[in-house]
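Participant: Sharing a structure here in structure tokens format.
The values are calculated or read from the model by the stated rules, or taken from the named source; none is laboratory data. What you are looking at is a predicted structure, and each value in this text was computed from that prediction instead of being measured. All Cβ positions, even for glycine, are placed from backbone atoms using ideal geometry, and neighbour counts span all protein chains on display. SASA here: full protein model, heavy atoms, side chains in, ligands and nucleic acids out. Shrake-Rupley method; radii C 1.70, N 1.55, O 1.52, S 1.80 Å.
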Amino acid sequence: MNFDKMHAAGNDYIYINLFRERVGDPAALSRKLSDRHFGVGGDGVVLIGPSEVGDFSMRMFNADGSEGLMCGNAARCVGKYLYERGLTDKREIALQTPSGIKQLLLTVAEADNRVTQVRVDMGPAITDGSQMQPSQAQLSEIIEHPLRTEGACYPVTFISMGNPHVVTFTKEIDKLDLPLIGPGIEHHPLFPQRTNVEFVEVISRSELRMRVWERGSGETLACGSGACAVLAAAVLTGRADPSALVHLRGGDLLVEWDREQNKVFLTGDAHFVFKGEVD
């Protein structure tokens, strides 16, 4: 089986082209290949395939084998892969994901015909409790909701970007013990399908820093949908403007929220790391 290793802001996945390869059990494959000691190493596996409703399709499986609904960083890498590997010459691509069609806009350097940036229409920021436990589902918005875990209380704001996120604002995020704190929030009874967790430090109204505990993968260097959720939560709580640069451990992402149309846009680069083959 041939694969490509790619990353966007340090969020690294193993990409497999289903036009050429067959995958019978993607969950088991992701668990095997994602292992950073005994496999290829990555945050998971991404399958690139055909689509009946879009131009192409993307499925993402986390390192633990669970399927993710959406990943903005992976979507940007898919856009670069499709163009630079010659699967399309389009610079606007409709990408089918489990959370719906996502529109990709590619910026291509004329000098070498390489994709330098990809802008993803991530769709709406959903602020109601529809993905929380039934007792909370009727809440119109979950903003700074007190959540207790590991002996501490975290005011969390719930945002769905097609996948669930809770955002909490704090200081000195580099000192947080995410392997201790993250699992308690990810598996909290309030979130029956588990959740991604973002810890955010506000630099200014146009600049934010974050760390992320990803559902099914643990702490990762970046999360595109998480960065979108962070901006939406910062705007809703009056901490930021609708456009901001988000600093993640793996790099920077520009996030913009058109509140009138309720569309969030994510812009950043994407990179090939290496390609190889595995039995």
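Participant: Please sort by residue number the GluC sites (Glu not before Pro) in region 1-83 whose DSSP state is loop and whose Cβ has at most 15 other Cβ atoms within 10 Å.
Facilitator: For GluC sites (Glu not before Pro) across region 1-83 that sit outside H, G, I, E and B with at most 15 neighbouring Cβ atoms in 10 Å, the list reads GLU21, GLU52.
Participant: Taking Cα pairs under 8 Å and at least six residues apart, what relative contact order does region 1-150 come out at, in percent?
Facilitator: Numbers: 277 pairs, mean separation 22.2, N = 150.
Here the relative contact order equals 15 percent.
Participant: Sort GLU219, GLU260 by heavy-atom solvent-accessible area, probe 1.4 angstrom, most to least. Walk me through the intermediate numbers first.
Facilitator: Details: GLU219 65, GLU260 175 Å².
Sorted descending by solvent-accessible area, the residues read GLU260, GLU219.
Participant: Using only alpha carbons, build the gyration tensor for region 145-189 and give me the equivalent ellipsoid semi-axes, biggest first, whole Å.
Facilitator: Working: eigenvalues 58, 32, 25 Å².
Sorted largest first and rounded, they come to 17, 13, 11 Å.
Participant: Strictly over 28 Å apart at the Cα level, which of LYS90/LYS275; LYS5/LYS175; LYS90/LYS263; LYS80/LYS263; LYS5/LYS263 would you flag in this model? Don't skip to the end; give the middle numbers.
Facilitator: Values: LYS90/LYS275 23 Å; LYS5/LYS175 30 Å; LYS90/LYS263 22 Å; LYS80/LYS263 22 Å; LYS5/LYS263 30 Å.
Too far apart for the 28 Å limit: LYS5/LYS175; LYS5/LYS263.
Participant: Give me the net charge for the shell around MET122: Cβ to Cβ below 12 angstrom, other residues only, Lys and Arg +1, Asp and Glu -1. Please report the intermediate quantities before stating the final value.
Facilitator: On the way: positive: ARG76, LYS102, ARG119, LYS263; negative: ASP121, GLU256, ASP258.
Charge balance in the 12 Å sphere: +1.
Participant: Okay, next question. Give me the net charge for the shell around PRO164: Cβ to Cβ below 15 angstrom, other residues only, Lys and Arg +1, Asp and Glu -1. Let's see the in-between values first.
Facilitator: Details: positive: ARG194, ARG215; negative: GLU67, ASP128, GLU141, GLU186, GLU198, GLU214.
Around PRO164, the charge tally is -4.
Participant: Express the relative contact order of region 213-256 as a whole percentage, based on alpha carbon pairs under 8 Å and six or more residues apart in sequence. Walk me through the intermediate numbers first.
Facilitator: Values: 44 pairs, mean separation 15.0, N = 44.
Value for region 213-256: 34 percent.
Participant: In region 187-219, which trypsin sites (Lys or Arg not before Pro) are in a loop and have at most 12 other Cβ atoms within 10 Å, using DSSP for the loop call?
Facilitator: Counting only loop positions with at most 12 other Cβ atoms within 10 Å, none of the trypsin sites (Lys or Arg not before Pro) in region 187-219 qualifies.
Participant: At each listed q (0.09, 0.10, 0.15 Å⁻¹), what is the log10 of I(q)/I(0) that the Debye formula gives for the chain modelled as equal alpha-carbon point scatterers?
Facilitator: -0.39, -0.48, -1.10
Participant: Please give, to one decimal in nm, the separation of the simple spin-label points placed at HIS37 and GLU52, each 7 Å out from Cα toward the Cβ.
Facilitator: So the two model labels end up 4.4 nm from each other.
Participant: Over 15 Å apart: what share of the alpha carbon pairs of region 1-86 falls there, rounded to a whole percent?
Facilitator: Details: 1934 of 3655 pairs.
That tail contains 53 percent of the Cα-Cα pairs.
Participant: Please report Rg (one decimal) and Dmax (integer) in Å for the Cα set of region 131-279.
Facilitator: Cα radius of gyration and Dmax of region 131-279 are 15.5, 51 Å respectively.
Participant: Note down the nm distance, to one decimal, between modelled labels 7 Å out along Cα→Cβ at GLU84 and at ALA111.
Facilitator: Roughly 1.5 nm, to one decimal.
Participant: Within region 38-137, which chymotrypsin sites (Phe, Trp or Tyr not before Pro) sit in a loop by DSSP and count at most 11 neighbouring Cβ atoms inside 10 Å? Display every interim value, and only then the final one.
Facilitator: Values: sites: PHE38, PHE56, PHE61, TYR81, TYR83; in loops: PHE38.
Answer in residue order: PHE38.
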